[in-house]
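See below for the structure under consideration.
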Amino acid sequence: QVQLVESGGGLVQPGGSLRLSCAASGSIVSIEYMGWYRRPPGKERELVATITNRGNIRYADSVKGRFTISRDNAKNMVDLQMNSLKPEDTAVYYCNGVQAMAVMWGQGTQVTVSS
């Protein structure tokens with residue numbers, strides 16, 4: 001099973017930007033859905049964005065127009081560009097992959113938006 005490792009989290013001021021990266025230990029070509037989820041403090045994990053291996057993209061309403069997901073099958077990477085960050089974007093962000101009956105998760109990376 002492919003292992004997923006996130007990077008790029010940190011502390012940023014409101015209005016700032018961060019880019020999260022998810023590196024897979026193997027090929028993601030056959031992984032239909034790759035995406036990002038997040039768990040805000042004291043809340044359940046929620047969808048941020050997903051991208052299929054055909055390039056179909058879905059965003060949560062709360063991030064539309066601010067976040068951009070991208071996928072590079074040649075590099076086995078999935079990135080999340082986050083702009084115009086708000087304090088409510090503070091969360092642990094997780095990379096996710098779904099292939100047939102297998103669901104893969106990374107260990108998570110903390111994003112804190114605060115002045």
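Selection within region 84-115: residues that are under 25 Å from Gln13 (Cβ atoms) and aliphatic (A, V, I, L, M). The member of this set that is most open to solvent (accessible area, probe 1.4 Å) is Val92.
Within region 44-64, restricting attention to residues that are in contact (Cβ under 8 Å) with a residue 12 or more places away in the chain and not in a strand (DSSP E or B), the residue that is nearest to Gln110 (Cα to Cα) is Arg45.
Being surrounded by 15 or more Cβ atoms within 10 Å (Cβ to Cβ), under 23 Å from Ala100 (Cα atoms) and among the small types (Gly, Ala, Ser), is that true of even one residue in region 1-20? Scanning region 1-20 turns up no residue that is surrounded by 15 or more Cβ atoms within 10 Å (Cβ to Cβ), under 23 Å from Ala100 (Cα atoms) and among the small types (Gly, Ala, Ser). For region 74-83, taking the residues that are part of a strand (DSSP E or B) and without any contact (Cβ under 8 Å) to a residue 60 or more places away in the chain, the one that is surrounded by the most Cβ atoms within 10 Å (Cβ to Cβ) is identified as Val78. Say we look at region 22-43 and pick out the residues that are surrounded by fewer than 17 Cβ atoms within 10 Å (Cβ to Cβ) and among the hydroxyl-bearing types (Ser, Thr, Tyr); which of these is nearest to Phe67 (Cα to Cα)? Top of the filtered list is Tyr33.
The values are calculated or read from the model by the stated rules, or taken from the named source; none is laboratory data. Everything numeric here is computed off the predicted structure, so don't read it as measured data. For neighbour counting, all protein chains shown are included, and Cβ atoms are generated from backbone atoms with ideal geometry for every residue, glycine included. Just so you know, the surface numbers come from the protein's heavy atoms only, side chains and all, with ligands and any DNA or RNA stripped out. Shrake-Rupley method; radii C 1.70, N 1.55, O 1.52, S 1.80 Å.
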